[in-house]
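Reviewing the structure listed below.
Each reported figure results from applying straightforward, stated rules to the coordinates on display, with no laboratory input. Note that this is a predicted model, so its numbers are computed, not measured. Note that we place each Cβ from the backbone using ideal geometry, even for glycine, and neighbour counts take in every protein chain shown.
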Amino acid sequence: GNSVTQMEGPVTLSEEAFLTINCTYTATGYPSLFWYVQYPGEGLQLLLKATKADDKGSNKGFEATYRKETTSFHLEKGSVQVSDSAVYFCASRGNTDKLIFGTGTRLQVFP
Amino acid sequence: EPEVTQTPSHQVTQMGQEVILRCVPISNHLYFYWYRQILGQKVEFLVSFYNNEISEKSEIFDDQFSVERPDGSNFTLKIRSTKLEDSAMYFCASSVVRNEQFFGPGTRLTVL
């Protein structure tokens with residue numbers, strides 16, 4: 001069946017460091033791919049998405065590129081801020097309604 | 001900015017009791033979902049709802065679970081007889097189109 005695997009956290013960085021959170025998927029066909037972020041005490045917020053191979057999703061300085069050849073959708077940001085501290089979830093959606101999530105990766109950014 | 005709301009934020013109940021978790025989706029949205037996250041585990045899909053009927057459900061969503069849209073604004077998840085393993089964070093989501101789901105802040109359910 002379809003699944004999403006993402007790197008375990010926590011990821012601990014200093015402010016202005018480069019961020020990568022790895023995400024790979026398995027699926028039949030070509031799913032849509034998403035990154036959601038959960039700030040403390042809040043719900044899941046859609047951060048970015050890509051719906052087909054080679055698409056790049058971007059938002060708030062974060063980027064992820066849909067790589068069919070490596071079945072990956074890694075999240076990157078060039079310079080993180082303390083306010084980026086949150087839990088990040090990679091997710092896929094195939095031909096049905098349901099989102100399939102990874103386990104989430106906690107990011108902690110220190111000044 | 002419109003948002004999905006959920007009540008209560010935390011529900012504590014005894015095993016075997018019925019609970020109803022409530023959600024108010026974004027007003028012009030047509031698709032509604034419930035997910036749950038057991039502590040330390042993945043967010044898991046439970047059910048999707050469209051046009052007043054279930055469109056998809058997971059293996060988790062057995063006869064103990066039901067959903068309802070009683071009044072055109074609320075969307076509820078009922079668990080008839082709670083078990084210890086139902087303890088989790090329950091997220092409601094809604095969408096206009098199937099691709100972008102907007103999530104609420106969640107209800108933490110604790111079954112004692």
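Miscellaneous remarks
- Neighbour counts of other Cβ atoms within 10 Å put A:Met7, B:Met15 in the fewest-to-most order B:Met15, A:Met7.
- Calculated P(r) tail over 21 Å for chain B, as whole % of Cα pairs: 29
- Value of relative contact order over chain B, rounded to a whole percent, pairs C-alpha under 8 Å and six or more apart: 39
- For the range A:52-102, a Kirkwood radius taken over Cα pairs fed into Stokes-Einstein (25 °C, viscosity 0.890 mPa s) yields D = 196 µm²/s.
- Largest GNM mean-square fluctuation across A:Lys68, A:Lys77, A:Lys60, computed for chain A with C-alpha springs under 10 Å, falls on A:Lys60.
- Taking 28 Å as the limit for the C-alpha separation, the pairs A:Lys60/B:Lys78; A:Lys60/B:Lys57; A:Lys77/B:Lys42 exceed it in the case of A:Lys60/B:Lys78; A:Lys60/B:Lys57.
- Label-to-label distance, nm, for residues given as A:Lys68 and B:Thr110 (7 Å Cα→Cβ offset): 4.9
- Fraction of the pair-distance distribution of the protein assembly as shown above 25 Å, Cα-Cα pairs, percent: 40
- For chain A, diffusion coefficient by Stokes-Einstein and Kirkwood Rh (Cα), 37 °C, 0.692 mPa s, µm²/s: 236
- Between the residues A:Ser79, A:Phe110, A:Ser3, the greatest Cα displacement towards the positive end of the dipole of chain A, with unit charges on the Cβ of Lys, Arg, Asp and Glu, is found for A:Ser3.
- The range B:11-43 residues near the modelled B:Asn51 label - backbone nitrogen below 18 Å, point 7 Å along Cα→Cβ: B:29-33
- What you get for chain B, charging only the Cβ of Lys and Arg (+1) and of Asp and Glu (-1), is a dipole of about 180 debye around the Cα centre.
- Applying 1/(1 + (r/R0)^6) with r as the Cβ-Cβ distance of A:Ala53 and A:Phe110 and R0 = 35 angstrom yields a FRET efficiency of 0.45.
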